[in-house]
Every structure is written in C-alpha cells, then in structure tokens.
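S.K.: Take this structure, written in structure tokens, and hold onto it; I'll ask about it next.
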Amino acid sequence: DGDELIGLHCFRHLRDRLALFLDSINSILSAEFIHVSLHGAGGADVSLAASTGYCNGNDEVKLEEERKSDFRDQLLPLVIGLLRTGKLPTVLRLYRDTLASDLKTSVKITVLSMPMESDTISGEGMADADGGGSSLGSKLKSLSPDRFLKLLEEIFKIVQTRLLRASEVKRAIEWIMGNLNGHYAAASVAAAIAHGALAPGTAEERNVQATSFFTPLSSGDGSRLTTVQGRGYDNASPNLSKDFRADILRENAEALFAACDAAHGRWAKIIGIRSQIHPKLRLQEFLGVFNISQEFISSTEKIGGRLGYSIRGTIQSQAKSFIEFQHDSRMTKMRALLDQENWAEIDVPEEFQGIVNSLCSSETVAGEEGDALPYNTASSSNEAISSSDGSYLVNSSGPSNASLPSEQRLGSNGTLVDTTSNSDSSRLSVENNNSDVSTSSQVNNFSSKDRPKPNLRMLYFQGVGYHMVNCGLYLVKMMAEYIDIGNCLPTLSAEVVHRVAEILKLFNSRTAHLVLGANALQVSGLRSITSRHLAMASQVISFTYALIPEIRRILLLNVPETYKGLLQLEVDRVALDYKNHRDEIHSKLVQIMRERLLVHLRSLPQIAEVWNSSDDGDSQQPSQFARSLTKEVGYLLRTLSKLLREEDVEAIFGQVVVMLHTQISDAIWKLEISTPQAKKSLCCDVEHLLGCIRSLPSSDGSSKSTPPNWGLLDELLA
C-alpha cells in the first residue's frame with residue numbers, strides 16, 4: 001500500500017495475486033469449517049447419537065468431555081482464520097443454508113429409501129419444492145401405520161443428530177468468542193477479532209467507513225494509511241470489534257434456528273401429507289404418530305430454542321379430525337344398532353364388567369376385573385365380536401321375547417294385547433275356570449323360563465345389578481373408548497366431553513323414540529312393545545344414568561378450569577334427561593295398567609246386573625272381572641320384579657295401588673246393588689281384589705302397614 005514499489009515491473013500483479021490468494025484461503029477455510037461442522041471427524045455422528053442417552057458412570061462423562069474438547073480444537077484454528085479475514089459472519093450464513101439443506105435432503109432420502117407397501121393407498125402426492133413431490137407424497141401415503149411410525153423414528157434420529165451437532169457448533173463458537181480466559185489461544189482470538197473487524201468485507205457489510213487493507217495512497221498529502229499487520233490490530237475501534245462480535249453471535253444463533261425451523265417444517269409436511277389417513281386410524285396407531293410428534297417438538301425445542309408452531313398446528317388439527325371421524329363413525333353405528341335392537345336381555349361378557357369396574361376406581365388395573373366380580377363368572381352363551389374398528393357387538397343366542405308364551409304386549413294404540421290370541425279383541429281375558437288354570441300354568445311356565453339362570457350375569461355397578469341389551473353394552477364399550485381418547489389426548493379433552501354428551505343424547509332420544517314412541521314396531525320389526533321391552537329400556541337408561549357421574553368425573557380431570565364449569569352443566573343436563581326418561585317409562589307402565597283397569601271396569605255394570613238377577617246363593621267365586629284384573633296385575637308384578645330394581649318396582653306399584661283403590665271404589669259406588677246375594681258377590685270380588693292389592697310392593701310404606709296397602713276399597717268393604 002506504500003509507494004516504495006511503484007514502478008517495479010515484477011510487482012505489477014502483486015495486488016491481484018494477493019486478492020486471489022486471500023479468496024482461496026477463505027474458500028478453503030469456509031469449506032473445511034462447514035465440513036467439520038456438519039460431519040466432524042470419523043465416527044463423530046455415532047458419538048453424537050450416543051450422547052442423546054444418559055451417561056452412566058464417570059468414564060462415560062470423561063469420554064464425552066474429551067469428545068467435545070476435541071471437536072472444539074478442530075474448530076478453533078478454522079474460526080481464528082475466518083475471524084482474521086473477517087469472513088466468519090458470511091461463512092456462518094452459508095453454513096446456515098447448507099445445514100438446513102442437508103437436513104431436508106437427509107429426510108427426503110430417508111423417505112425415498114423406505115420400501116413401498118404392497119397395498120398402496122391411492123391419493124395425489126403433494127408437490128415438493130425440491131422436486132419429486134408426487135412420488136414422495138404417494139410413497140408416504142402408501143405406508144402402513146407401523147411402517148410410517150418407523151419412518152418417523154428414523155427421521156427423528158437423523159434430525160436429532162444434526163441438531164445436536166449444530167447446537168455443539170453454536171456452543172463451540174460462543175466459547176471461542178467469549179470464554180477463552182486462560183486458554184493458550186485467547187490472545188490469538190482477540191487479535192483475530194480486532195483484525196477481522198477492520199477487514200474490507202466486514203466494513204462494507206456493516207456500512208462502516210473503515211480503513212481497508214488495499215486502499216491506495218491519497219494524492220493530496222502523500223501520507224500513508226496505517227497498515228494492519230503485526231501489532232496494527234491495536235488501532236481497531238472498540239465499537240468495530242463489538243459490532244463484529246455481535247454479528248458473529250447473531251449469525252451463529254440464526255444457523256441453529258434455521259435448522260430447527262427446517263426440521264419443524266419438514267416434519268409438519270410429512271405429517272400433513274397423511275392428513276386424510278390419520279383420522280381413520282385406530283387409537284393406538286394415531287397415538288403413535290401423535291406421541292412421537294410431541295416428543296419431536298419437545299426435543300427440537302430444547303435443542304434449538306425454536307418453538308414448533310407448524311408441527312403443533314398440524315398435529316392438533318389432525319387430532320381434532322381424528323376425534324371427529326371416530327365420533328361420527330360411532331354415532332352412525334349407534335343409530336344402526338338401536339334400529340336393530342330387539343330389547344331382549346342378553347348375557348354380559350366379563351370384558352364389559354371389567355370396563356365398568358375400571359370406572360369405579362381412579363385408575364384401571366388390567367387383568368384384575370375378574371377378582372372384583374360379585375357374581376358367578378361362568379362362561380356365557382354370548383360372544384363379544386370385534387368389528388373392524390375395534391368396537392364390540394354382542395350377539396345373543398338366547399330365545400327372543402317373541403317365542404315366550406302368553407306375554408303382555410303394547411300395541412300401536414298403547415294397550416296390552418294377548419299375542420297368543422287370534423281374535424280381534426285386545427283384552428287379556430279368561431273365559432272359564434279351565435282356561436284360567438291353563439293360563440296360570442302358562443304363566444308359571446313362562447316364569448320358570450324367564451327366571452335368570454345361575455350362569456346368566458347382569459352388569460354390576462356400585463353394587464347394583466342391571467339387566468342389559470345389546471346396544472347398552474355397546475354404549476359401555478364406547479364410553480370406555482372415549483375415556484381412552486380423552487386420556488391419550490388431554491389437550492382435546494374438552495372436545496371429547498362434547499362428543500360424549502352428544503352420543504349420550506342420541507342414545508337417550510333414540511331409545512325414547514323407539515320404545516316409548518313405539519317406532520320400533522316399524523324400524524326393528526317388533527310385533528308389539530311389551531312390558532318386558534319397557535322394563536329392559538328402563539334398566540339400560542337407569543344404568544347409564546348411574547354411570548354418567550363417573551364418566552363426567554373421569555373426563556373432566558384433564559379439562560382446563562376455564563371450560564370445566566360449562567361442560568359439567570352440559571353433562572348434568574344430559575343426566576337429567578335420562579332421569580326424566582326413566583320416570584316416563586315407569587309412568588307408561590302405570591298408564592298401561594290404568595288402561596287395562598278401565599277396560600275391565602266397563603264390564604262391571606253387566607256383572608252387577610247378573611248378580612242382582614242371580615238366585616244362586618251358594619256361589620262365592622270371584623267374578624271374571626276380579627279374576628282377570630288380578631291376573632294381569634300379578635303378571636305385571638312378576639315381569640317387573642325380575643327385571644327392575646326393587647325401588648323402581650315399589651315406586652311403580654305404589655302408584656298402581658292408589659289407582660286400583662281409587663278407580664275401583666269409584667266404579668263400585670256407582671253400581672246399583674239391590675239384593676243381598678249381589679252384595680255378597682260384590683264383597684267376594686272386593687276381598688279377592690284386596691288380596692291382590694295387599695301383596696303388591698309400595699314405596700310409600702303402606703305395604704308394611706296393617707293391613708298392607710290399606711285404602712278406599714278397605715273402607716268400602718267395611
């Protein structure tokens with residue numbers, strides 16, 4: 001830069017040659033720095049991968065420290081050289097781009113190296129910015145869930161290894177730039193920083209007017225610019241060195257951030273390509289993808305310090321789609337199952353009792369369900385058949401209600417009919433004593449057939465047994481599946497609670513429509529709705545009503561406090577609907593008995609005329625009216641006692657007792673009894689009716705009075 005060599009022919013190309021030499025040195029340093037940063041010495045990747053685990057013992061810790069020290073020693077001369085030339089910020093930007101590109105390429109190669117599945121899933125591939133997107137997308141879509149999960153594990157290892165190395169490069173440069181106190185290279189680094197701060201490229205990048213190495217002499221005063229060599233670095237401005245150091249540290253951090261962003265973007269893209277496939281997976285298959293994505297997010301955020309917004313958004317969206325698809329599938333199946341339900345009692349496999357037992361405790365203990373069963377665990381004649389989605393349908397091999405003799409059935413007009421009669425009459429009537437004995441034997445035969453066998457099991461919850469139908473068991477299975485989804489996807493637990501409330505509403509409303517509304521006659525092919533059908537519907541509704549608080553407690557465990565109150569109110573409203581539905585079924589049973597009573601009471605005036613005109617003073621047999629009525633009351637009692645809980649039977653017959661007293665006494669007071677013989681016949685009928693009434697259970701305690709179920713008919717008899 002001085003004027004001593006001006007005019008010497010042999011040095012006329014010296015400046016250009018020095019510039020070429022400097023560019024070559026920068027290129028060599030840059031290539032070597034990027035190579036060491038990305039790949040290091042032989043076997044470095046292996047040691048880095050091993051470092052992701054936990055070190056056991058002092059030997060492993062020492063080896064790890066030695067490896068890190070060796071790596072820093074590799075980088076140290078390269079960093080000092082790039083500092084002297086002022087090219088370290090530029091090289092770090094190049095390293096950032098190369099690192100991100102290398103990471104993307106490694107992921108792509110991993111995907112393409114996976115063998116194709118034989119059962120390729122059709123679908124258009126997503127365009128890839130690096131080319132070959134269609135084949136890449138098709139390949140990802142063709143992978144089975146297990147193979148795809150293995151692919152994610154491989155990608156996870158590759159990304160983790162590269163991010164760990166990038167993080168180590170970042171820490172090494174930070175150590176070189178600021179933590180070399182007492183190190184043999186501390187002075188060299190300080191000189192290189194000061195030297196590089198005055199390099200022409202560095203000054204230009206920061207738009208700072210600084211003295212250049214190769215600036216020619218000023219023609220005005222002939223003075224020379226100070227050469228930056230030897231101890232000339234002492235003349236560097238402290239501000240220049242500070243800015244130079246800040247540029248390096250910023251670019252150093254940005255390199256790791258860029259690699260982390262590239263990893264997040266590539267992972268989100270791979271997951272997103274299968275957005276139409278993942279919602280249709282089974283829970284455990286989807287959970288594998290979901291969990292490894294969460295682990296990937298946590299690991300990369302910890303290493304790179306960059307939040308994985310793109311992955312979180314993608315996986316959260318797919319989790320919502322998964323819940324929605326699974327819910328829609330179960331809603332469709334529940335509708336179909338309810339439409340096919342014949343409301344016949346079936347056996348309860350141990351699997352379902354185990355599910356219910358697990359709901360009673362804070363945590364499910366696998367394999368211990370059988371120890372908690374309060375009943376005979378003999379094998380049932382029914383089988384739980386697994387469907388394609390992992391749900392279970394229970395097929396009953398027992399006799400249906402249609403094969404049972406002399407059964408009361410609810411016709412389309414809401415009255416009980418005798419399905420064994422071919423006449424047009426809808427009344428249950430007995431013509432003579434012989435038919436009375438025959439019908440009684442039929443009832444006894446029915447009772448022996450219908451009585452639960454020792455190996456038939458009910459579904460027990462909180463010490464109470466419930467008779468179940470097919471759709472009720474399927475609902476239990478679905479509640480367990482929803483709870484599993486809520487536990488496995490706690491961030492979406494509020495969505496799960498909404499879906500559970502929705503399917504419970506569907507089950508309740510559809511059951512009411514089919515049984516109480518008698519639409520099962522058209523949909524399910526039933527010939528009539530019987531008292532047994534109503535009782536079985538009551539059992540399923542009562543069981544679900546008892547189960548809802550436990551389901552609510554478990555589902556709300558993972559729900560944020562902000563939403564917990566509203567969701568709890570929503571589930572409580574559903575529970576209230578179930579309670580009202582159960583009460584309506586019981587009211588319907590009382591209404592059926594009232595209608596049958598009114599039918600029988602229509603014949604009472606004619607019977608009274610027969611009494612008044614009869615001269616037979618020895619006949620003390622109850623009339624056809626009394627015998628038919630008590631027979632129907634007794635049959636209803638036997639049917640409900642075998643199916644309903646004791647308190648429900650007492651509540652129903654408490655209303656029946658009051659109704660019988662009121663309706664019959666009112667009808668008798670309107671009769672014209674003109675002869676002593678007619679009065680005796682009437683007393684015989686009343687005594688016969690009171691004998692039936694006094695045997696009925698009642699919830700108001702009147703059944704325990706003396707005489708039991710005392711009422712208006714007792715006063716009338718007196």
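S.K.: Write out, first by first residue and then by second, each pair whose Cβ atoms fall under 9 Å of each other, whose residues are 6+ apart or on separate chains, and whose first residue, in region 1-30, is over 21 Å from R84 (Cβ atoms) while the second is open to solvent by less than 100 Å² (accessible area, probe 1.4 Å) and part of a helix (DSSP H, G or I).
M.R.: If the second residue must be open to solvent by less than 100 Å² (accessible area, probe 1.4 Å) and part of a helix (DSSP H, G or I), the pairs left are L5/F11; L5/L14.
S.K.: Please enumerate the residues belonging to region 278-336 that are open to solvent by 20 Å² or more (accessible area, probe 1.4 Å), assigned by the TED database to the domain that holds L492 and more than 19 Å from N487 (Cα to Cα).
M.R.: Result: D328, S329, T332, K333, R335, A336.
S.K.: Mind listing whichever residues of region 250-261 are open to solvent by 10 Å² or more (accessible area, probe 1.4 Å) and not basic (K, R)?
M.R.: Across region 250-261, the qualifying residues are E251, A253, E254, F257, A258, D261.
S.K.: Look through Y578, Y563 and report the one residue that is open to solvent by 10 Å² or more (accessible area, probe 1.4 Å) and hydroxyl-bearing (S, T, Y).
M.R.: Result of the check over Y578, Y563: Y563.
S.K.: If you don't mind, there's one more thing I want to ask. Among (1) outside any strand (DSSP E or B); (2) open to solvent by 10 Å² or more (accessible area, probe 1.4 Å), where does M479 come up short?
M.R.: (2)
S.K.: Given the options K150, K170, name the one that is at pLDDT below 90 and assigned to a helix (DSSP H, G or I).
M.R.: One residue alone meets the criteria, K170.
S.K.: Tell me the residue from R552, R596 that is in the same structural domain as L514 (by the TED database) and basic (K, R), please.
M.R.: Answer to the selection: R552.
S.K.: Scanning for something in a loop (DSSP other than H, G, I, E, B) and either surrounded by 15 or more Cβ atoms within 10 Å (Cβ to Cβ) or in contact (Cβ under 8 Å) with a residue 60 or more places away in the chain (or both), does region 636-653 turn up at least one residue?
M.R.: Yes, region 636-653 has at least one match.
S.K.: If I filter region 595-610 down to residues being within 60 Å of the chain's Cα centre (by Cα) and charged (D, E, K, R), which single residue comes out as least open to solvent (accessible area, probe 1.4 Å)?
M.R.: Per the criteria, the residue is R596.
S.K.: For region 611-634, which residues satisfy the criterion of being in a helix (DSSP H, G or I) and open to solvent by 10 Å² or more (accessible area, probe 1.4 Å)?
M.R.: If the condition is that a residue be in a helix (DSSP H, G or I) and open to solvent by 10 Å² or more (accessible area, probe 1.4 Å), then W611, N612, S613, Q624, R627, T630, K631, G634 are the ones that fit.
S.K.: Let me ask something else about it. Could you give me the residue pairs with C-beta distances under 7 Å whose first residue belongs to region 262-277 and is farther than 17 Å from F325 by Cβ, whose second residue is among the aromatic types (F, W, Y) wherever it lies, and which are 6+ apart or on separate chains?
M.R.: W267/F296
S.K.: Hey, could you check region 519-531 for residues that are open to solvent by 10 Å² or more (accessible area, probe 1.4 Å) and part of a helix (DSSP H, G or I) and say which is nearest to K642 (Cα to Cα)?
M.R.: The qualifying residue nearest to K642 (Cα to Cα) is L521.
S.K.: If you don't mind, there's one more thing I want to ask. With respect to the numbered conditions (1) of a type in the set (V, I, T); (2) assigned by the TED database to the domain that holds G463; (3) surrounded by fewer than 21 Cβ atoms within 10 Å (Cβ to Cβ), which one is the sole condition not fulfilled by V540?
M.R.: Looking at each condition in turn, V540 falls short on (3).
The values are calculated or read from the model by the stated rules, or taken from the named source; none is laboratory data. This one's a predicted model, so the numbers in the text were calculated from it and none came from an experiment. When we count neighbours, we look across all protein chains shown, and the Cβ atoms used for this are built from the backbone with ideal geometry, even at glycine. For the accessible areas, the whole protein counts, side chains as well, though only heavy atoms, and no ligand, DNA or RNA atoms are used. Shrake-Rupley method; radii C 1.70, N 1.55, O 1.52, S 1.80 Å.
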